[in-house]
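Asks: Sharing a structure with you now.
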Amino acid sequence: MNNHSRRQFLKQTIPPVAGFAMGGWSVASLACDRDEPAVATIIDCHTHFYDPTRPEGVPWPTKDDKLLYRRVLPAEYKAIAKPLGVTGTVVVEASPWVEDNQWVLDLAAKDTFIVGLVGHLAPGGDDFEKRLKRFAKNPLFRGIRIVSAKLAAGLDQDQFLRDLKLLAEHDLELDANGGPGMLADVARLAKRVPELRVVVNHLANVRVDGKAPPADWVQGMRAAAEQPSVFCKVSALVEGATVRDGKAPTELGFYVPVLDMAWNAFGEDRLIYGSNWPVSERFASYATVQRIVREYFQGKGRGVAEKFFARNALAAYKYMQR
């Protein structure tokens, strides 16, 4: 009996009780579906922590965001993620305030579940080198994130490029967040600073509608993937999906056209798992977000799943194994 037939047999004959948890399949049930043990290490490479109750507040989210404007700290995340096999997280900046880099690093000092921080510093700015040297002393500081507009503007600025070369000299990476149009700039950057590891965030925020993905996104993904120093984070799938009654579709098939394109472009060694929690909760539970990608990548074999959930992240971020 092949894997597909076996799955259909199990669905038809076994009540989904023991293997169902928190709105999605548990680690154990998905492993059993392929006669394989669950992957031992899962690093979620895209979470945000913040606290609006601090005296200084937060620059994001805004007070009118009823879902996100609350204290979001590691304890809440771990209660959701650990039962699903997650063993650590790389936190991504949610604030342009320089001292918020330190705020997250202070959280990490108290909680070994945090294995790295992608912080916020401004390459091309007068104080970049000084600030980078300060934070790079902490082995949990693994890189910085930049938005597409800043990347596009900086590519023609000598100081910007020098600062990104300095980032690479510290063996740190650059997260890039933007839409499909950003991908051409990512490819340009990788050619100019090939020693810098670059991680495309959120599949370049492609719109997901269950059909063949947009041609401009496909072209951009291929161009970025041609550069060996570029990785892609498989995150924000549900955020980019066509919403049904306020929630994103939960079936894997809806996302397969986009996932197949990412797989064909970047292969098994440069795709990385990220949830974008807590933002993802606006459209789906954490369990659903993880299940979608787990079904897809575990369907390609245990070795591929191990790379997607941890080993590729180690290559890109060189996160701290605690």
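Asks: Scan the stretch 139-153 for residues that are more than 25 Å from Phe309 (Cβ to Cβ) and surrounded by fewer than 20 Cβ atoms within 10 Å (Cβ to Cβ) and jot them down.
Replies: Listed by number, the residues that qualify are Val147, Ala149, Lys150, Ala152, Ala153.
Asks: Just give me the residues in the stretch 238-261 being closer than 13 Å to Asn201 by Cβ and out of contact with any strand residue (DSSP E or B) (no Cβ under 6 Å at 6 or more places or on another chain), in sequence order.
Replies: Scanning the stretch 238-261 gives a single hit, Glu239.
Asks: Moving on to the next point. Consider the stretch 221-257. How many of its residues are assigned to a helix (DSSP H, G or I) and under 14 Å from Val289 (Cβ atoms)?
Replies: Number satisfying all stated conditions: 2.
Asks: Right, next: What are the pairs with Cβ atoms under 9 angstrom where one residue, in the stretch 178-195, is assigned to a loop (DSSP other than H, G, I, E, B) and the other, located anywhere, is aromatic (Phe, Trp, Tyr) and crowded, with 20+ Cβ neighbours inside 10 Å? Sequence gap at least six, or different chains.
Replies: Partner pairs satisfying both residue conditions: Gly179/Trp217; Pro180/Trp217.
Asks: Restricting to the stretch 311-322, name every residue that is surrounded by fewer than 23 Cβ atoms within 10 Å (Cβ to Cβ) and in a helix (DSSP H, G or I).
Replies: Arg311, Leu314, Ala315
Asks: Let me ask another. What do you reckon, is Val98 β-branched (Val, Ile, Thr), in contact with a strand residue (DSSP E or B) (Cβ under 8 Å, 6 or more places away or on another chain) and at pLDDT 95 or above?
Replies: Spelling it out, it is not the case that Val98 is β-branched (Val, Ile, Thr), in contact with a strand residue (DSSP E or B) (Cβ under 8 Å, 6 or more places away or on another chain) and at pLDDT 95 or above.
Residue-wise test of (1) in the same structural domain as Val198 (by TED's automatic domain parsing); (2) over 30 Å from Asp65 (Cβ atoms); (3) in a helix (DSSP H, G or I).
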site: Glu268; (1), (2), (3): yes, yes, no
site: Ser280; (1), (2), (3): yes, no, yes
site: Ala284; (1), (2), (3): yes, no, no
site: Thr288; (1), (2), (3): yes, no, yes
site: Ile292; (1), (2), (3): yes, no, yes
site: Phe297; (1), (2), (3): yes, yes, yes
site: Ala305; (1), (2), (3): yes, yes, yes
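Asks: Being free of Cβ contacts under 8 Å to residues at least 60 places away in the same chain and not charged (D, E, K, R) is the filter here; which residues of the stretch 76-85 pass it?
Replies: Ala79, Gly85 - these are the residues of the stretch 76-85 that are free of Cβ contacts under 8 Å to residues at least 60 places away in the same chain and not charged (D, E, K, R).
Asks: Same structure, new question: Looking at the stretch 74-150, what helices (runs of 4 or more DSSP H) fall wholly within it and have at least 3 residues that are assigned by TED's automatic domain parsing to the domain that holds Val186 and small (Gly, Ala, Ser)?
Replies: Because the criterion is at least 3 residues that are assigned by TED's automatic domain parsing to the domain that holds Val186 and small (Gly, Ala, Ser), the helices (runs of 4 or more DSSP H) in the stretch 74-150 that meet it are 74-81.
The values are calculated or read from the model by the stated rules, or taken from the named source; none is laboratory data. Quantities reported herein were computed from a predicted structural model and do not represent experimental measurements. Using ideal geometry, Cβ is built from the backbone for each residue, glycine included, and neighbour counts are taken over all protein chains shown.
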